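Taking it in order: structure first as structure tokens, then the write-up.
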Amino acid sequence: MAFSFNFDLQIKTDEAIHKDSIQKDQDHEPKPIVTNDTKEKINSDGVKEAKEHSPPPDCQSLLEDAVRETFTLGTLPPIHYLNESVFEQTMSELLDSEDILSKTAAQNTDLISGVYEGGLKVWECTYDLLEHLEAEGEAFSGKRVLDLGCGAGLLGILALKRGAREVHFQDYNSTVIERVTLPNVLLNCEDDDDDDDDDDGAGEGDEEGVKYGCPPPKRRAPGPPRDTKLAKCRFFSGSWTSFLTEMLSNDPLPKYDLIMTSETIYNEAYYPALHEVFRKLLDQGGLVYLATKAHYFGVGGGLYLFQNFVEQRDVFKMKCLKNVEQGLQRHVVALSFKKPDQ
Ligand SMILES: C[S@@+](CC[C@H](N)C(=O)[O-])C[C@H]1O[C@@H](n2cnc3c(N)ncnc32)[C@H](O)[C@@H]1O
């Protein structure tokens, strides 16, 4: 089944992605490089502290000058998101408190460990997981969902549109959360085209195949429908370790029925923190959907290394759900607890 975008921008080919330069870091968690203009809080271990971000009172201001794209696939509701290229070219430096745009441009890289972990663009395994969810279905209705390492947040947005009870979005970078994830969620809260809030399965849906030049969804004045959807969402930035600490301080401890995570196992040094988030925050009967490349050249992580790590920890079982063989191999897998109370 083909998925489609309603724009003409060049989508990165596997070959191009293969050439993406990714900076390797051997440390356990990203070590932020603190500059004078970095307003992020760095804790004593040198990792970026978790911060919860609330939508501003005037949400609409986040969408000023927004150029939107729409992803459609089969029976999935359309998912709107900011055009990455336009966003990168037009975002004011003043809004980029982490200065990640200029740093990545200067270094011509998709990731700078501890500074920018890649969330400004949509990575291709996100689409693999969306394809899997479209083909196999997933009952989001009533579930608590975490989009971990969310970037643009397309996975969490799908859950929201499909009636999840709560959706939490986490990204390392506050700039990503504030300037990309939050606006994207807003774009999807305000239109009429996804009124399957309490629907588990196929929504209204679109015809299968390419849909170029979709008219923009109807604008709806801010009001209860949007506010209701937005009220189901929470947004967090910071390292996984600090995010976990933040969540563990809640009483009762929030547990997720579903954790969805795409392109987050590229750095072996982060596996302990990632595994701990799964172990502590996944509900006993819950499921982790993980979409990944088989190997990340230049960084060294990938599915086989992560699989070994998971097997050694002996907490989760892993099941392969989808393999994409062309170009760089990619996979969608599911993790669930081996035994209760781990
Ligand atoms: C390559 S991006 C993928 C973004 C998005 N999931 C996608 O598929 O388009 C990896 C994401 O994982 C998150 N991430 C990676 N390592 C992290 C860490 N140690 N702590 C917190 N977040 C991390 C980053 O925020 C980043 O957005």
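The figures follow:
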{"item": "Test: residue in the range 180-203 that is among the hydroxyl-bearing types (Ser, Thr, Tyr), buried (at least 19 other Cβ atoms within 10 Å of the Cβ) and either in a loop (DSSP other than H, G, I, E, B) or at pLDDT below 95 (or both)", "result": "no"}
{"item": "Positions within the range 285-305 being of a type in the set (Phe, Trp, Tyr) and in contact with a Phe, Trp or Tyr (Cβ under 6 Å, 6 or more places away or on another chain), in sequence order", "result": "TYR296"}
{"item": "Those strands (runs of 3 or more DSSP E) lying entirely in the range 232-340 with at least 3 residues among the charged types (D, E, K, R) and either open to solvent by 10 Å² or more (accessible area, probe 1.4 Å) or touching a residue at least 60 places away in the same chain (Cβ under 8 Å) (or both)", "result": "316-324"}
{"item": "Count of residues meeting criterion [at pLDDT 85 or above and in a loop (DSSP other than H, G, I, E, B)] in the range 62-97", "result": "8"}
{"item": "Count of residues meeting criterion [surrounded by fewer than 24 Cβ atoms within 10 Å (Cβ to Cβ) and either within 10 Å of the ligand (Cβ to nearest atom) or at negative phi (or both)] in the range 141-153", "result": "3"}
{"item": "Tally, over the range 57-104, of residues that are in contact with a strand residue (DSSP E or B) (Cβ under 9 Å, 6 or more places away or on another chain), of a type in the set (D, E, K, R) and open to solvent by less than 20 Å² (accessible area, probe 1.4 Å)", "result": "2"}
{"item": "Of all residues in the range 110-125 being among the β-branched types (Val, Ile, Thr) and in a loop (DSSP other than H, G, I, E, B), the one that is modelled with the lowest pLDDT", "result": "VAL115"}
{"item": "Checklist (1) in contact (Cβ under 8 Å) with a residue 40 or more places away in the chain; (2) buried (at least 21 other Cβ atoms within 10 Å of the Cβ) applied to TYR127, failing item", "result": "(2)"}
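Rundown of residues vs (1) in contact with a Ser or Thr (Cβ under 8 Å, 6 or more places away or on another chain); (2) within 16 Å of the ligand (Cβ to nearest atom); (3) modelled with pLDDT of 95 or more; (4) hydrophobic (A, V, I, L, M, F, W, C), yes/no style:
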site	(1), (2), (3), (4)
THR241	no, yes, yes, no
LEU244	no, yes, yes, yes
GLU263	yes, yes, yes, no
LEU287	yes, no, yes, yes
LEU290	yes, yes, yes, yes
VAL299	no, yes, no, yes
GLN312	no, no, yes, no
CYS320	no, no, yes, yes
SER336	no, no, yes, no
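The values are calculated or read from the model by the stated rules, or taken from the named source; none is laboratory data. What you are looking at is a predicted structure, and each value in this text was computed from that prediction instead of being measured. Here the Cβ is made from the backbone with ideal geometry for all residues, glycine too, and neighbour counts use every protein chain on show. Heads up: the accessible areas ignore ligands, DNA and RNA and are worked out on the full protein's heavy atoms, side chains in. Shrake-Rupley method; radii C 1.70, N 1.55, O 1.52, S 1.80 Å.
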